Amino acid sequence: FIILNMSKDRTLSNAQYADIFKALSNPHRLKIFMRLAGCGSDSGLCCADDKVRECVGDLGCNLGIAPSTVSHHLKELYRAGLIRTQRQGQRIECRADPAILDALAQFFNTSVKK
């Protein structure tokens, strides 16, 4: 597993960004990550406490991805540090890691300004 060590300014190394973009280069993983990062807009699933989560079983809905494939893609997103998971009884909740979202925003904002 890749462990992302972020400094206080939330910058990542080039190798860490490469791992993130490699994980997101798969269209299915990108769809899953966008769904988690975008509050599950297709399904309307959102938590009021701003900790946006969806259960593993719900993620494949409306994305045209088989459940077994969803699990594989979630594993790859987790390895890249893009998502966090939390077990709630028999359910596993997933959410986009807010620190990574901030780091990606900073990356693109900095890249555009150069």
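The values are calculated or read from the model by the stated rules, or taken from the named source; none is laboratory data. Quantities reported herein were computed from a predicted structural model and do not represent experimental measurements. Cβ coordinates were reconstructed from backbone atoms using ideal geometry, including for glycine residues, and neighbour counts include every protein chain displayed. When the accessible area is computed, the model is the full protein with side chains, heavy atoms only, and any ligands, DNA or RNA have been set aside. Shrake-Rupley method; radii C 1.70, N 1.55, O 1.52, S 1.80 Å.
Looking only at residues that are polar (S, T, N, Q) and at pLDDT below 75 in region 34-62, which one is surrounded by the fewest Cβ atoms within 10 Å (Cβ to Cβ)?
Of everything passing the filter in region 34-62, 41 is surrounded by the fewest Cβ atoms within 10 Å (Cβ to Cβ).
Just one of (1) open to solvent by less than 50 Å² (accessible area, probe 1.4 Å); (2) small (Gly, Ala, Ser); (3) modelled with pLDDT under 90 trips up residue 99, so point out which.
(3)
Can you confirm whether residue 28 is outside any loop (DSSP other than H, G, I, E, B), surrounded by fewer than 17 Cβ atoms within 10 Å (Cβ to Cβ), modelled with pLDDT of 90 or more and not basic (Lys, Arg)?
When the stated conditions are applied, residue 28 does not pass them.
Need pairs with beta-carbon distance below 7 Å; first residue touching a residue at least 12 places away in the same chain (Cβ under 8 Å) and within region 66-95, second of a type in the set (D, E, K, R) and open to solvent by 80 Å² or more (accessible area, probe 1.4 Å); sequence gap 6+ or separate chains.
What qualifies is 95/51; 95/84.
Taking the condition of being at pLDDT 85 or above and open to solvent by 70 Å² or more (accessible area, probe 1.4 Å), how many residues in region 103-114 meet it?
Qualifying residue count, region 103-114: 2.
Return the residues of region 63-93 that are surrounded by fewer than 13 Cβ atoms within 10 Å (Cβ to Cβ), in contact with a Lys or Arg (Cβ under 9 Å, 6 or more places away or on another chain) and in a loop (DSSP other than H, G, I, E, B); say none if nothing qualifies.
Once the filter is applied, which keeps residues that are surrounded by fewer than 13 Cβ atoms within 10 Å (Cβ to Cβ), in contact with a Lys or Arg (Cβ under 9 Å, 6 or more places away or on another chain) and in a loop (DSSP other than H, G, I, E, B), region 63-93 yields only 64.
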